[in-house]
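Trainee: Starting off with a structure, shown below.
The values are calculated or read from the model by the stated rules, or taken from the named source; none is laboratory data. Not measured: the values here are computed from a predicted model. A quick note on method: Cβ atoms are made from the backbone with ideal geometry, for glycine too, and the neighbour counts reach across all protein chains shown. What goes into the accessible areas is simple: the full protein's heavy atoms, side chains included, and nothing from ligands, DNA or RNA. Shrake-Rupley method; radii C 1.70, N 1.55, O 1.52, S 1.80 Å.
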Amino acid sequence: MPNVLRNRAAVAVLVLVSVAVAGCTGETPGTPTPTPGTVPSSASSTAPEDPNVPKVADPLDASAYVGDACKLLPPAAAAELGFTEPGEASNDTSNPACSWHIRGKADGLQLILGSGNREKGMGGLAGLHKAKNAGQLRFLEPGPDVDGYPTVYFGLQDRRASGNCDLAVGVADDLTISTLAKGFDNEQDSCGTARKFASAVIKTLKGA
């Protein structure tokens, strides 16, 4: 993976990890390693407290992908987005992630499965709103629904105009999957790709 994409991906993962850490008063920073094949639900986070956080009408089960987040974007779907190289799994298991890139180009994709945040009771779009309210995120803005699932744009700052788009889609009230598009020419290309990426992931979860 190009160094620029690697650095940006690390920042995105750090943002999501910090959301989980926010729910760990008195604990050493970090999140437990999820057990492959399980994404335990936090009962305290199944109903968002913030009325501005939309509920997920048809929650999806992502437990089968905790051990290998790369399988959430099948090769054929990645190729449709212009990425023919295999996905590269992240070594950070707190929130399983996978990245794709195009050799010789800046364009890149990253997927982050927020199962670690869910385990800490800070999952879902509600967790991102809590992080924004706590000052851990400086940018959070509602995005358009993708295949009927609510989304937000988020980050340490709004980088969409520079061709970098971070989109989190709520697939359950306590679980998000973030699709990050980096190194594109403009906001339209990056956010359009992030939304198509999210749609492909939702189709995988639905078994379509």
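Trainee: Using θ = phi - 60° and the Karplus form 6.51 cos²θ - 1.76 cosθ + 1.60, what ³J(HN,Hα) does each residue of segment 61-74 get, whole Hz, x for Gly and Pro?
Mentor: 9, 9, 4, 6, 10, 4, x, 7, 5, 4, 6, 5, 10, x
Trainee: 5 Å is the cut-off here: which amide hydrogens, built 1.01 Å from N in the peptide plane, fall below it relative to MET122, excluding neighbours closer than 5 in sequence?
Mentor: none
Trainee: List the residues, sorted by chain then number, that are 5 or more residues from LEU60 or on another chain and whose placed amide H is less than 5 Å from its amide H.
Mentor: Amide H neighbours of LEU60: ALA172.
Trainee: So, one more: So how far apart, in nm, are the two label points at ASP147 and ARG103 if each is 7 Å from Cα heading toward Cβ?
Mentor: My value for the distance between the label points is 3.0 nm.
Trainee: Sticking with this structure for a sec: With every protein chain left in place and a probe of 1.4 Å, what is the accessible surface of LEU81, to the nearest 10 Å²?
Mentor: Result for LEU81: roughly 40 Å² accessible.
Trainee: A further question on this structure: Relative to the present Cα-Cα distance, how much length would full extension add between GLU88 and ASP50 at 0.36 nm per residue of separation?
Mentor: My answer for the length gained is 10.2 nm.
Trainee: Kindly report, to the nearest 10 Å², the accessible surface of THR176 as traced by a 1.4 Å probe over protein heavy atoms only.
Mentor: Estimated to the nearest 10 Å², THR176 gives 10 Å².
Trainee: Within segment 66-165, which trypsin sites (Lys or Arg not before Pro) sit in a loop by DSSP and count at most 16 neighbouring Cβ atoms inside 10 Å?
Mentor: Sites meeting the loop and neighbour criteria: ARG103, LYS105, ARG138.
Trainee: Please check which bits of segment 64-97 a label hung off SER199 would reach, taking the label as a point 7 Å along Cα-to-C-beta and the cut-off as backbone N under 13 Å.
Mentor: It comes to 80-81, nothing else.
Trainee: What net charge is computed for the residues neighbouring PHE197, neighbours being all others with C-beta under 13 Å from the C-beta of PHE197, Lys and Arg scored +1, Asp and Glu -1?
Mentor: Counting the neighbours of PHE197, the net charge comes to -1.
Trainee: I would also like to ask the following. What does the net charge come to around ALA172 if you take all other residues with beta carbon closer than 9 Å to its beta carbon, with K and R at +1 and D and E at -1?
Mentor: -2
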